[in-house]
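Have a look at the structure below, then the notes.
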Amino acid sequence: MSDLLDNKEEAQKAVVEWLSKKAKTKSKFYIKDFYKIFPDDKPRMIKKVVNKMVEDGILEFWSSGSTTMYGLKGGGIQHSSEGEN
């Protein structure tokens, strides 16, 4: 089993810290951007961690239909303008 899944809390903490640092310039990221956080882990394991964080309400995803991006829940301009007509 991957170290990433063994240390789920540490992995989640690393993702939140990385996203918080990047929040000054971007609020949404492609799944491949998360691969930089865990260069020694396989993409499938990283995606499992990110998707679990979405399930837990830590992250949210945004999809245009052809593109899916992830960010901290409640962050970004997109989030604040949703629901407006």
On the basis of being surrounded by 13 or more Cβ atoms within 10 Å (Cβ to Cβ), under 13 Å from G75 (Cα atoms) and modelled with pLDDT under 90, does S2 make the cut? no
Inspect all residues belonging to region 56-71 and state whether any of them is part of a helix (DSSP H, G or I) and hydrophobic (A, V, I, L, M, F, W, C). no
Which one of these does K24 not meet: (1) loosely packed, with under 11 Cβ neighbours inside 10 Å; (2) part of a helix (DSSP H, G or I)? (2)
Return the pair list, or none, for Cβ contacts closer than 8 Å from residues in region 25-38 that are over 20 Å from N7 (Cβ atoms) to residues that are at pLDDT below 90 and of a type in the set (D, E, K, R), at least 6 apart or on different chains. F29/K22
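The values are calculated or read from the model by the stated rules, or taken from the named source; none is laboratory data. Predicted, not measured: the structure shown is a model, and the values here were computed from it. A quick note on method: Cβ atoms are made from the backbone with ideal geometry, for glycine too, and the neighbour counts reach across all protein chains shown.
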